Amino acid sequence: MHSTRSLRPPTLVSVLTVVVLAACNNAPPGVDVYDPYEQVNRQVHEFNVGLDQAVIDPAGQVANTLAPPVRESIVNFSHNVSMPGAVFNGILQGDIEGAATNTMRFLINSTVGILGIFDPAGVIGLEEHETDFGETLAVWGFPEGAFIMLPVLGPSNERDAVGEVVDFYLDPLQIFGGVEVAAAVPEVFQLDTVAWAGEQVIERGQFDDTFDDIYYNSADGYAQLRLAYVQNRRYELGQTAQTPDPTADPAAAKEYYFDPYQDQ
């Protein structure tokens, strides 16, 4: 049996694009947040909350004890590893300026920044153009589909879930077969996975109060998280003009549309 890794990224993109065309559900007229899988989604959400309580939150507290430069280096490395995927998506979206900026960031940070541990590109004003294959599909006109809650990864929709898979295979450490901590360890311990997990744990500690408010202090954490994700994602993609106006008060808009699962 062949591993899915035998599919080259362009082939995988083509296959999953067809899947998106067939699988994404359009919301019925008048329905703003389409959640036909709510019963299952809530069960997955409960699993995620339990995982957070048992593992991720305690790990986030430990991460907060690390020196800020150490935390920053882990996040920098994780972002740098994903940069080739952002370049690829920028090209697919026709965003040549963003793709060029991300290319320069990757080249500078991978060399002068020592494999992305440091961010000299940011120091000289080359800021990351954040994007993903979910956004690429949105630019191509695919509907967002139904809301879904993914184990560990959190809130998503059918379009963005496909994007998550494609972005995983656009990771250069995946394309070139992965770099394992040791030859005999499971795939989950590969360097790219560890870097991503480290970034999530650090952000869990950084935004501890916000996570706690949603998970443990709200009357319906699932509904609140669903709304936060949907509003934030549509705002990112320029598909909503809901208040507060981001052009009038960017700080207020960022807080309003905050999604605790979204990379900061």
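Bear in mind that the values in this text are calculations on the coordinates, not laboratory data. Treat the numbers as computed from the prediction; the structure is a model and nothing was measured. Here Cβ is always computed from backbone atoms with ideal geometry, including for glycine, and neighbour counts include all displayed protein chains.
Which parts of the stretch 142-160 would a label at L51 reach, counting a residue when its backbone N lies under 19 Å from a point 7 Å out along Cα-to-Cβ? Output list for this probe position: 147-160. Judged by the mean number of other Cβ atoms found within 10 Å, the most tightly packed of the peptides 71-80, 24-33 leads the ranking 71-80, 24-33. Net charge within 9 Å of D160 by Cβ-Cβ distance, Lys/Arg positive one each and Asp/Glu negative one each, not counting D160 itself? That works out to -3. With neighbours defined as other Cβ atoms within 10 Å of a residue's Cβ, the residues M83, M104 order from fewest to most as M104, M83. Under 5 Å between amide hydrogens, built in the peptide plane, is the criterion, and for N157 it picks out I148 among residues at least 5 positions away or on other chains.
If R0 is taken as 35 Å, the Cβ-Cβ distance between T111 and L227 corresponds to a FRET efficiency of 0.25. Computed from backbone phi, the HN-Hα couplings of the stretch 121-132 come to 5, x, 4, 8, x, 8, 7, 5, 8, 6, 7, 7 Hz, rounded to whole numbers (Karplus: 6.51 cos²θ - 1.76 cosθ + 1.60, θ = phi - 60°; Gly and Pro given as x). Counted residue by residue at 0.36 nm each, then reduced by the alpha carbon distance between them, the extension gain from D32 to I91 reaches 18.2 nm. Counting neighbouring beta carbons within 10 Å and listing from fewest to most, the residues V162, V40 come out as V40, V162. Residue-wise HN-Hα couplings along the stretch 81-89, as the Karplus relation 6.51 cos²θ - 1.76 cosθ + 1.60 with θ = phi - 60° gives them from phi, are 4, 7, 4, x, x, 5, 4, 4, 5 Hz; Gly and Pro carry x.
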